[in-house]
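Below: the structure, in structure tokens.
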Amino acid sequence: MDWMSDKLIRTIKKDMTMNIDNMSPQELATLIARANKRKKVLAKRKPAAQAKAAVAKALKATGWTFEELFGKPGNNVAAPAPKKARKAAKGRSLGKVAPKYRNPANAKDEWSGRGRAPRWLAAELANGRTLEEFLIK
């Protein structure tokens, strides 16, 4: 296609109406050529009733019904997809977990082992102590 027909198509799609009185001979010729090409495509199609009968015959041969495969006609709502097990999203709360580690200097300081280690534990680990020393028994 040349740039003129592209321009014509954009104009038609934009307005969805045409005023052929304002078209140049070249634009009219392009429009007629495209209309004839579309007409040939449509002429090759079989009638809708014949196509429906062929689909019904194929479905019957396989043991399926249209409704089983595509849902009821007119019901444009898609069937819900089966739910999959979801991974925890970043920032999503996973619920409370019992603490695994306790600060011997202050019994109120506890850590479950999830997330970033608290400052008191990071300081103790930096001083050479091991994580096992803080396990709650």
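Observations
- Matching residues in region 84-110 - criterion: being part of a loop (DSSP other than H, G, I, E, B) and modelled with pLDDT of 85 or more: 96, 97, 98, 99, 100, 103, 104, 105, 106, 107, 108, 109
For (1) basic (Lys, Arg); (2) at pLDDT 85 or above; (3) closer than 30 Å to residue 125 by Cα; (4) surrounded by 10 or more Cβ atoms within 10 Å (Cβ to Cβ), each residue gets a yes or a no:
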position: 8; (1), (2), (3), (4): no, no, no, yes
position: 45; (1), (2), (3), (4): yes, yes, no, no
position: 61; (1), (2), (3), (4): no, yes, no, no
position: 77; (1), (2), (3), (4): no, no, no, no
position: 82; (1), (2), (3), (4): no, no, no, no
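The values are calculated or read from the model by the stated rules, or taken from the named source; none is laboratory data. Bear in mind the structure is a predicted one, so any value in this text is a computation, not a measurement. Ideal geometry is used to build each Cβ from the backbone, glycine not excepted, and the neighbour counts take in all protein chains shown.
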